[in-house]
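First comes the structure, then the notes that go with it.
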């Protein structure tokens, strides 16, 4: 038995598709147009140059107090005790060491890895949460002929250093990096 279906006209079959396509094009164009008028935001590191107020979070061994003292002596940022509404947040955390295992002689043994940092001091943009600068504090002796480098990541070899010396090194490395950014911006 054969069922006869009425033939649809071309307008019935395609009547809705052009309207949907036009609507989607308008939606895409309306979101694209405002994006063309906005300027590209400056790199995150320039936030270190424009920031004025910084908050230093609590750190182990009173490192935060020593760091506050060194940053106040520098005078680039106003240091506040309130973490709300600041430009920069300076915080420290102990990195988690993830165990890695290898199979040796039929036995599972921990893999020998490079010593992880004891502490990481990070400067973060309070608004975006973007990491702007980081210093990894390592429990190693300084290497011979090591110079202070200006970069977004620094390493501090802190064996036999006191917390005030570590804070001074952090502030010095941050200052060198900010001055490097200022020189590159001219």
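List of remarks:
- A single entry from 62, 4, 82 fulfils the requirement of being over 28 Å from the mean Cα position of the chain (by Cα) and either at pLDDT 60 or above or not in a loop (DSSP other than H, G, I, E, B) (or both): 4.
Yes/no matrix, rows are residues, columns are (1) in contact with a helix residue (DSSP H, G or I) (Cβ under 6 Å, 6 or more places away or on another chain); (2) modelled with pLDDT under 85; (3) not in a loop (DSSP other than H, G, I, E, B):
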residue	(1), (2), (3)
113	no, yes, no
120	no, no, yes
132	yes, no, yes
143	no, yes, no
146	no, yes, no
149	no, yes, no
159	no, no, no
177	no, no, yes
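- Residue check, residue 153 exposed (fewer than 11 other Cβ atoms within 10 Å of the Cβ), touching a residue at least 12 places away in the same chain (Cβ under 8 Å) and out of contact with any helix residue (DSSP H, G or I) (no Cβ under 6 Å at 6 or more places or on another chain): no
- Of the residues 144, 93, 72, the single one that is surrounded by fewer than 10 Cβ atoms within 10 Å (Cβ to Cβ) and either more than 19 Å from the chain's Cα centre (by Cα) or under 14 Å from residue 56 (Cβ atoms) (or both) is 144.
- Residues of the stretch 45-59 that are under 26 Å from residue 165 (Cβ atoms), part of a loop (DSSP other than H, G, I, E, B) and touching a strand residue (DSSP E or B) at 6+ places or on another chain (Cβ under 7 Å): 51, 57, 59.
The values are calculated or read from the model by the stated rules, or taken from the named source; none is laboratory data. Keep in mind that this is a model prediction, so the values were computed, not measured. Positions of Cβ are backbone-derived with ideal geometry, glycine not excepted, and every protein chain shown enters the neighbour counts.
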